[in-house]
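Heads up, the thing below is written out as structure tokens.
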Amino acid sequence: MDSQNSSTPTHIKHYKYRNFWEWQNKLVKEGVLKIHSASETRDIYSLKPPLQILITSQVVERVKRRYKPDWEIGGILLAEPILTGSANTLLIDHLRFIRNVSKDPGKYQARGDRTQHMHQCLRGTKIGVRYFPIWFHSHPRKSKDLHESIMAFFEMGTSDADKRAATHKITYSTDTKHLTFAFPSALVVVTYDDKTFVGVYGGFITPDDFRKYVQKLLGKSMEAIINWGLKGESIWGTIAGILGGLAVGFVGAGAISHPVFRALATQIAIVRKELDADPNYFAVSENHDLRIIIPESS
């Protein structure tokens with residue numbers, strides 16, 4: 001772990017319970033879980049914002065090593081709920097890669113039964129460490145039409161298929177009712193210059209498409225976003241400049257409503273959001289721990 005860039009807390013409280021229901025009740029009492037909806041026969045629990053998600057540099061490095069520019073990979077991020085001071089935190093220091101059995105390079109289909117994979121995480125270890133399962137998958141950055149350095153930014157957003165499967169649920173039955181637990185998903189892209197983008201979506205606590213959050217956050221027109229993006233420095237600013245240059249062509253042609261231009265503007269906003277150190281919903285890491293904030297207003 002890079003100690004200079006580490007966001008991993010030094011003083012933490014672990015929730016270790018060998019009995020699942022004692023663990024679940026404690027997390028509800030501590031405000032880590034909340035009831036999203038309730039009926040006579042079913043309660044649905046979700047995570048409770050505000051919270052932060054800390055992904056260690058070891059996990060970031062493992063993702064980078066396994067990432068394929070032309071094929072989706074995926075698995076589960078093992079998120080351990082911990083308490084750091086007064087902040088609820090999910091610490092992700094482990095992950096499980098689960099083989100993609102899809103024949104389509106642009107689609108992730110996990111091998112085996114997804115519910116069983118989630119159950120194994122929640123069942124935890126012999127000493128009572130249990131994990132929230134956060135399914136993740138990657139988006140490849142290779143394209144026949146665009147350079148990888150540009151294509152990666154088009155992939156930093158959830159597809160229609162991603163949004164339909166944004167929330168993953170697992171249900172347990174008691175003598176009186178069914179208890180369902182809902183968790184968000186994560187999207188991973190490794191850029192051409194070896195930076196790792198991770199975005200969290202769904203789970204009833206985050207937008208299913210965080211690009212909309214960027215646009216709402218900025219409150220700017222597409223032209224303003226382009227100009228704003230051109231002011232960035234480093235490789236991110238350079239790429240933003242490339243995207244901005246492409247977008248100028250669309251503006252000059254009077255095609256401001258062109259979908260490609262809208263996509264360019266959104267991706268430039270994502271670049272600048274990272275430069276401005278705003279970790280809400282998604283963040284970018286080079287080789288250090290990665291911190292993502294899920295605000296209460298989700």
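Some values worked out for this structure:
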quantity	calculated
Residues that are β-branched (Val, Ile, Thr) and in contact (Cβ under 8 Å) with a residue 40 or more places away in the chain, drawn from the range 81-127	ILE82, THR84, THR89, ILE92, THR115, ILE127
Residue list for the range 90-137, restricted to those being within 18 Å of TYR67 (Cβ to Cβ) and modelled with pLDDT under 95	ASP104, PRO105, GLY106, LYS107
Any chance SER143 is modelled with pLDDT of 85 or more, out of contact with any strand residue (DSSP E or B) (no Cβ under 6 Å at 6 or more places or on another chain) and among the hydroxyl-bearing types (Ser, Thr, Tyr)	no
Inter-residue pairs, beta-carbon under 8 Å, first in the same structural domain as THR56 (by TED's automatic domain parsing) and in the range 181-208, second of a type in the set (D, E, K, R) and in a strand (DSSP E or B), 6+ apart	PHE181/LYS169; ALA182/LYS169; PHE183/LYS169
Residue among LEU47, LEU122, LEU91, LEU27 that is surrounded by 14 or more Cβ atoms within 10 Å (Cβ to Cβ), of a type in the set (A, V, I, L, M) and within 15 Å of SER185 (Cβ to Cβ)	LEU47
Single unsatisfied condition, ILE134 versus (1) among the aliphatic types (A, V, I, L, M); (2) within 16 Å of PHE197 (Cα to Cα); (3) out of contact with any Ser or Thr (no Cβ under 9 Å at 6 or more places or on another chain)	(3)
Condition met for THR89 (polar (S, T, N, Q) and closer than 22 Å to ASN280 by Cα)	yes
Candidates ARG66, ARG111, filtered to the one that is in contact with a strand residue (DSSP E or B) (Cβ under 9 Å, 6 or more places away or on another chain) and closer than 16 Å to VAL190 by Cα	ARG66
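The values are calculated or read from the model by the stated rules, or taken from the named source; none is laboratory data. Since the model is a prediction, treat every value here as computed from it, not as a measurement. Reconstructed Cβ throughout: ideal geometry from the backbone, glycine too, with neighbour counts over all protein chains shown.
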